[in-house]
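What follows is one structure encoded as structure tokens, with my remarks underneath.
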Amino acid sequence: MPLTPMEIYKLLPKTNCKKCGEQTCMSFAFKLINREKKLEDCKPLFEDKRYELQLKKLQEMLKPLAEATETGLIVRSEKCNGCGNCIVVCPVHVEKDPHGAGIGKGPSIPDPIYRIENGKLVILNMHACRRYGKNRILCVVCRENCPTDAISFLEG
Amino acid sequence: MICTGCSCLCDDVEIAEGKILNACERGYRHISKYMENRAKPAVEGKEVDLDRAIEAAIEMLKSAKNPAIYGLDTSTVEAQKTAVKIAKKLNCYIDDNSSFCLGEFVEAILRKELPSSTLEDVRDKAYVIVYWGTNPYHSLPRHLSRYSYYPRGAKRQRGYDEDRYLVVIDIRKTEIAKLAKKNAKFIKVENDLELVDSFMKALDGKAGKYDVAGVLREMKKADFNVVFGGLGLKYGLRGNFKAFIELLRNINKFAPLYFIPSGFHANMRGFNETLFEAVNAVNSYSFSSASSSPEFAFTELLKREKIDTALIVGTDPIASLPYEASSKLPKIKKIVVDPRKTLTSRIAEVVIPSAFSGIESGGEMVRSDGVRIKLKPIASSEFDDVYVLKRILEGL
């Protein structure tokens with residue numbers, strides 16, 4: 001299930017109590033996904049027993065956040081067969097490594113985003129990804145071209 | 001090193017920091033586990049030294065009335081040439097897996113009935129890329145990313161979503177069919193011959209069962225298109241290869257369309273080319289009657305109980321052949337030359353260990369498009385297929 005701020009907001013207390021430092025519960029939900037806030041910052045959720053069930057659901061829902069990288073990328077290596085489509089289609093690889101990953105070979109630059117190690121996809125340098133940093137864009141090219149859905153993003 | 005896990009023969013595989021880089025999972029397993037489950041020389045189930053096993057094999061072949069040589073698809077061209085010499089000396093049958101794999105297509109290419117090209121040209125120039133009856137996700141995992149759809153070629157700089165048109169023809173929605181999204185078409189086929197007919201009709205501007213006019217329109221836009229045909233196409237045509245050859249010839253009048261077989265053992269095409277050079281046939285050849293016929297395919301020989309001894313090199317017929325044929329194997333004498341213990345070597349009279357081509361022994365292999373590639377082994381072995389087969393040839 002995609003992890004969206006709205007799904008999280010539905011399970012928050014929705015009282016806009018401002019105890020977390022945010023103006024609204026909705027903005028808290030946004031910051032949760034961006035990992036600027038932690039679930040523990042929402043004090044009523046832990047103190048008030050009324051929210052016990054919601055808290056459990058939220059904790060379950062936010063589990064993928066822990067295994068995802070800073071860009072929200074999750075690689076399920078048990079599904080990966082090392083075809084390398086993601087490496088070749090990556091626009092950053094094409095730009096930086098036109099004669100290596102750009103033409104289908106294994107990356108020849110020292111710090112590629114992805115590499116196939118022992119037959120599985122490994123993330124080496126997430127900071128070069130177009131989804132990283134302030135001017136990020138929501139690029140999903142690698143996910144779109146994964147034949148087994150081994151690559152996914154937090155937003156779905 | 002060159003990975004010999006499949007007929008892609010990827011040349012960018014590296015070993016660094018104790019890891020195998022760039023190889024797909026299939027290649028990784030092939031390379032990393034080569035030391036496991038190794039065969040030992042044996043005669044009648046008892047372990048002997050290598051010389052004794054080779055001598056026993058020579059004796060067995062000398063006393064055989066109707067021997068056959070089978071396998072060789074993972075051996076080097078050098079080993080295949082030696083095997084052909086043995087077959088000639090024994091005046092016997094020789095066959096490989098291509099008799100039930102893609103041998104017919106390779107033969108049509110070698111006889112220049114089907115126009116073919118290299119995978120490098122496909123990468124640099126191809127616009128419409130058709131995968132017909134093949135699922136490279138399983139058979140050739142890096143095929144799409146390495147050679148065909150995804151790489152940016154010299155004349156196809158804008159990438160797959162603008163400069164390529166992918167067509168996947170299969171009976172089910174395979175993994176690669178899921179990748180056919182923008183600028184692509186998936187044709188779910190029930191009868192390949194009807195699809196060939198639909199293409200023929202579309203060429204004349206008529207409508208057939210399948211809507212393929214769009215694919216032909218795309219082909220006309222470009223000066224290089226390619227069809228990768230697999231086993232689904234071979235068996236879908238039901239022996240009617242002429243219809244397919246005719247279709248390619250007709251399309252070529254409008255737009256250049258090449259054919260490359262895809263999805264087989266590392267050096268199956270090498271065997272086909274070696275035998276073609278020697279006797280003008282690609283497989284199922286009998287030196288005693290100096291001709292090639294489907295009757296001389298190893299599976300047919302077994303079913304009809306025409307042979308009494310088999311020299312099996314680098315393949316496991318008990319595991320891979322249907323019961324109808326493999327159930328006849330215990331009745332004949334078997335000499336197995338294989339680096340690994342296999343189900344066949346368990347019941348073989350003589351087992352001769354060998355080396356993994358490309359990992360422990362060098363030589364030359366032929367990629368699926370006919371390009372010859374020199375292997376770069378990472379380990380060494382005292383004996384390999386060439387050594388064993390040459391000793392047998394000398395002994396005869």
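Going by what's in this entry, would B:PHE356 be described as at pLDDT below 90 and under 25 Å from B:ALA87 (Cα atoms)?
no
From A:LEU39, A:LEU55, A:LEU62, grab the single residue that is free of Cβ contacts under 8 Å to residues at least 60 places away in the same chain, closer than 30 Å to A:CYS146 by Cα, out of contact with any Ser or Thr (no Cβ under 6 Å at 6 or more places or on another chain) and not assigned by TED's automatic domain parsing to the domain that holds A:GLY106.
A:LEU62
Filter segment B:130-155 down to the residues that are more than 10 Å from chain A (Cβ to nearest Cβ) and buried (at least 17 other Cβ atoms within 10 Å of the Cβ) and list them by number.
Of everything in segment B:130-155, those that are more than 10 Å from chain A (Cβ to nearest Cβ) and buried (at least 17 other Cβ atoms within 10 Å of the Cβ) turn out to be B:VAL130, B:TYR131, B:TRP132, B:GLY133, B:THR134, B:SER139.
Return yes or no: is A:TYR132 away from chain B (no Cβ under 14 Å), touching a Ser or Thr at 6+ places or on another chain (Cβ under 9 Å) and surrounded by 15 or more Cβ atoms within 10 Å (Cβ to Cβ)?
yes
Go over the candidates B:ASP121, B:ASP96, B:ASP49 one by one and state the one that is crowded, with 22+ Cβ neighbours inside 10 Å and of a type in the set (Asp, Glu). Give the steps one after another, and end with the answer.
On the way: B:ASP121 fails: crowded, with 22+ Cβ neighbours inside 10 Å; B:ASP49 fails: crowded, with 22+ Cβ neighbours inside 10 Å.
Only one candidate passes the filter, namely B:ASP96.
Of all the strands (runs of 3 or more DSSP E) wholly in segment B:309-396, which have at least 1 residues that are buried (at least 22 other Cβ atoms within 10 Å of the Cβ) and touching a residue at least 40 places away in the same chain (Cβ under 8 Å)?
Ranges flagged: B:309-313, B:333-338, B:350-353, B:364-366.
Which condition does A:LEU121 not pass, out of (1) within 20 Å of B:GLY27 (Cβ to Cβ); (2) facing another protein chain (nearest Cβ under 9 Å); (3) not in a loop (DSSP other than H, G, I, E, B), if it passes all the others?
(2)
Please specify each residue of segment A:141-153 satisfying the condition of being more than 12 Å from chain B (Cβ to nearest Cβ) and out of contact with any Cys (no Cβ under 9 Å at 6 or more places or on another chain).
If the condition is that a residue be more than 12 Å from chain B (Cβ to nearest Cβ) and out of contact with any Cys (no Cβ under 9 Å at 6 or more places or on another chain), then A:PHE153 is the only one that fits.
Going residue by residue through segment B:184-194, is there one that turns out to be within 14 Å of another protein chain (Cβ to nearest Cβ) and more than 24 Å from B:GLY27 (Cβ to Cβ)?
Yes.
Which count do you get for residues in segment A:70-80 that are within 9 Å of another protein chain (Cβ to nearest Cβ) and within 11 Å of A:CYS142 (Cβ to Cβ)?
The qualifying residues number 0.
Of everything in segment B:12-54, what is more than 14 Å from chain A (Cβ to nearest Cβ), part of a loop (DSSP other than H, G, I, E, B) and of a type in the set (Lys, Arg)? Give them in sequence order.
Answer for segment B:12-54, where residues must be more than 14 Å from chain A (Cβ to nearest Cβ), part of a loop (DSSP other than H, G, I, E, B) and of a type in the set (Lys, Arg): just B:LYS40.
Determine which member of the set B:GLY208, B:GLY214, B:GLY263 is closer than 29 Å to B:ALA154 by Cβ and assigned to a loop (DSSP other than H, G, I, E, B).
Among B:GLY208, B:GLY214, B:GLY263, only B:GLY263 is closer than 29 Å to B:ALA154 by Cβ and assigned to a loop (DSSP other than H, G, I, E, B).
Every residue in segment A:81-109 that is in contact (Cβ under 8 Å) with a residue 60 or more places away in the chain and more than 7 Å from chain B (Cβ to nearest Cβ), please.
Result: A:CYS86, single match.
Mind checking whether some residue in segment B:234-253 is in contact with an Asp or Glu (Cβ under 7 Å, 6 or more places away or on another chain) and without any contact (Cβ under 8 Å) to a residue 60 or more places away in the chain?
Checking segment B:234-253: at least one residue is in contact with an Asp or Glu (Cβ under 7 Å, 6 or more places away or on another chain) and without any contact (Cβ under 8 Å) to a residue 60 or more places away in the chain.
The values are calculated or read from the model by the stated rules, or taken from the named source; none is laboratory data. In this text the structure is predicted, and so the values were computed from the model without any measurement. Glycine also receives a Cβ, built like all others from the backbone with ideal geometry; neighbour counts cover every protein chain displayed.
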